[in-house]
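What follows is one structure encoded as structure tokens, with my remarks underneath.
The values are calculated or read from the model by the stated rules, or taken from the named source; none is laboratory data. Being a predicted model, the structure only gives us computed values, none of them experimental. Quick reminder, even Gly has a Cβ in these numbers, built from the backbone with ideal geometry, and neighbours come from all protein chains shown. In case anyone asks, the SASA skips ligands and DNA or RNA and just uses the protein heavy atoms, side chains included. Shrake-Rupley method; radii C 1.70, N 1.55, O 1.52, S 1.80 Å.
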Amino acid sequence: MAAEHEYGTVISTIDSPTTRKFSFVIAKSAKVRRGQFVQIGTEDGSMIGRVADIRKTNRYFLNPESVNNVELSKPMHEAYPTWEWEYLVADAIPLGVHDGEGFSESLFPPSPGDKVVEPEAGIVEKFFGIDPRGIEIGSIRHHDIKVKLNMDRLLQKHLAILAISGAGKSYLAGAIIEELLDRQPDSSMAVIVLDTHGEYTAFADDPKYAAKVKTFASHEIQIGTPNLSQYEIGEFAQLTTPQIRELARAMKGMGRNYGMAELMARIENDKHMNVKTKDTLLSALDELHRLGIFGVSDYPTLDDMAQLGRLAVIDLSETIGIKKKQILVAYLARKLFESRRNGVIPPFLLLVEEAHQFVPEKTRQERALSRGILQTIAREGRKFHACLCLVSQRPVHLSTTILSQCNSNIILRVTNPYDLQHIGQSSEGISKDVLDQIAGLQVGSALVVGEAVNFPLFVRVRKRKGSMSKKGMPLEQAAKEYFEKVKKKAKDAKSFM
């Protein structure tokens, strides 16, 4: 397939063309923008490059003193035909070369005078590793090419979606979930979302997806006390090793039908336990009991949460206390991972919203109860097809260990310099010019980098197929809906009277 448009001509400058950069004069009829991809025929094959910057130049405005002297009497454009000498120069970075069979790094520069053209769609798709059967997240900016990412490459080695608040993280995550729900069950996976703001519950109200979705509010969720080992209770209650030994003795022989209150009663009636140890255990267990999440059996069950081609939303939006949320996340994540490791449940994607709350970077273990199991899934999950997707607005507070295990990153707008530095250090393949563009991304634009693509790729996120959560609606729209609601209520009351 031949290229459609000529973009310009490679020029010679003091420091280019080289294997690392080249510049070209943009043709008058061409439309070229920063971030666009270009193609050049070279001795080694078709070179693909990315436009890193564009500058304007005009010979009439090169000398400030001359411009000033002319402008004292009349505008430059009246004195000289300045419009005839204005032209655009694009600076581009070679990404790789296609030799007809595969791609290799750029080892030889293009020549001055070479024509820069619109890249062939087929070459671009192969260059970035776009999969026709993959998960569609959007399209390549400035090009009419859909971005479909191979499911294995995107998810199996884990994914992180990073951006400031309001940049479209949850919108993009929802688009990925839609793609998974739209696939046939035998080519999909189970999806479990730990939803801190209740944004994903909208799937259950959407006629297109409702039959494939179950939601579980935090007040419904129960952890079966008999399903906990003494070590898990000790971790949640921050017990010492001797206290855990006494707890194990108390739990022995209690059977499979007891809750936290019954366990506390057993300890209270233990005549052989040291009084000080007993008081400490009772105090710690009472604190757990007051959380209201420990019962006789688990809810939801594994079958409720993990079914091929279906979505389970664990709605934690009603829960304010971070310890309660971390215990729920730690238990559910461990239960899912252990079950998947034993082949009891299908391959799954565990999507964790506000991931920095659950896998913090610099926090003591007692304040990060869910960090251990999530890091374990990040390290070992790919061997068992247990996949993680971490969504966070504060990458700098997210564990470097777990972020480095996410081999694919989708980054929307990030402006905090510390977050940008953290991303740059944790994500391979992000060059300085790419990092500089992240802060200027508009809502709906994203950078894909890592295992999912062969080279960093800027994407325009596609429009969602289903309905959106009302929790993400604009402020003015929310105010309008509330006003109409109050107005209707007043009208109904008046009619009743």
Exercise. Return the residue satisfying two criteria in turn: it lies in the stretch 11-61 and is among the small types (Gly, Ala, Ser) and part of a strand (DSSP E or B), and of such residues it is nearest to Asp144 (Cα to Cα).
Key: Gly49
Exercise. Considering only residues that are touching a Lys or Arg at 6+ places or on another chain (Cβ under 9 Å) and within 14 Å of Arg334 (Cβ to Cβ), look in the stretch 378-410 and name the one that is surrounded by the most Cβ atoms within 10 Å (Cβ to Cβ).
Key: Ala386
Quiz item: Only one of (1) polar (S, T, N, Q); (2) closer than 24 Å to Met189 by Cβ; (3) over 32 Å from the mean Cα position of the chain (by Cα) fails for Asn257. Which number is that?
Solution: (2)
Exercise. Can you give me the number of residues within the stretch 197-237 that are part of a strand (DSSP E or B), open to solvent by 30 Å² or more (accessible area, probe 1.4 Å) and within 30 Å of Asp182 (Cβ to Cβ)?
Key: 2
Exercise. Collect the residues in the stretch 207-245 that are closer than 14 Å to Leu291 by Cα and touching a strand residue (DSSP E or B) at 6+ places or on another chain (Cβ under 6 Å), keeping them in residue-number order.
Key: Gln222, Ile223, Thr225
Quiz item: Residues of the stretch 300-352 being under 23 Å from Arg183 (Cα atoms) and among the charged types (D, E, K, R), which ones?
Solution: Asp303, Asp304, Arg310, Arg340
Exercise. Being in contact (Cβ under 8 Å) with a residue 24 or more places away in the chain and part of a helix (DSSP H, G or I) is the filter here, so list the residues in the stretch 295-308 that pass it.
Key: Leu302, Asp304, Met305
Practice problem: Could you please find all residues in the stretch 130-154 being on the phi > 0 side of the Ramachandran plot and surrounded by fewer than 19 Cβ atoms within 10 Å (Cβ to Cβ)? | Solution: His142
Exercise. Check every one of the strands (runs of 3 or more DSSP E) wholly within the stretch 329-419 and list those with 1 or more residues that are closer than 30 Å to Leu239 by Cβ.
Key: 348-352, 386-392
Practice problem: Quick one: in the stretch 162-196, of everything that is of a type in the set (Asp, Glu), at pLDDT 95 or above and over 19 Å from Leu336 (Cα atoms), which residue is least open to solvent (accessible area, probe 1.4 Å)? | Solution: Glu178
Quiz prompt | Subset of the stretch 275-294 [surrounded by 13 or more Cβ atoms within 10 Å (Cβ to Cβ), part of a loop (DSSP other than H, G, I, E, B) and not hydrophobic (A, V, I, L, M, F, W, C)] | solution = Gly292
Quiz prompt | Given (1) of a type in the set (Lys, Arg); (2) closer than 21 Å to Arg334 by Cα; (3) part of a helix (DSSP H, G or I), number of the condition Arg256 does not satisfy | solution = (3)
Quiz item: If we scan the stretch 207-230, do we find a residue that is farther than 30 Å from Val313 by Cβ and free of Cβ contacts under 8 Å to residues at least 40 places away in the same chain?
Solution: yes
Self-check item: Residue check, Ser370 in contact with a Phe, Trp or Tyr (Cβ under 9 Å, 6 or more places away or on another chain), under 20 Å from His197 (Cα atoms) and surrounded by 22 or more Cβ atoms within 10 Å (Cβ to Cβ)
Solution: yes
Quiz prompt | Subset of the stretch 315-344 (residues that are closer than 12 Å to His385 by Cα and open to solvent by less than 10 Å² (accessible area, probe 1.4 Å)) | solution = Leu336, Phe337
Self-check item: Looking only at the stretch 72-105, and only at residues there that are within 31 Å of the chain's Cα centre (by Cα) and modelled with pLDDT of 90 or more, the one that is surrounded by the most Cβ atoms within 10 Å (Cβ to Cβ)
Solution: Ala92
Exercise. Tell me which of these Arg33 doesn't satisfy, since it passes every other one: (1) under 22 Å from Ser139 (Cα atoms); (2) buried (at least 18 other Cβ atoms within 10 Å of the Cβ).
Key: (2)
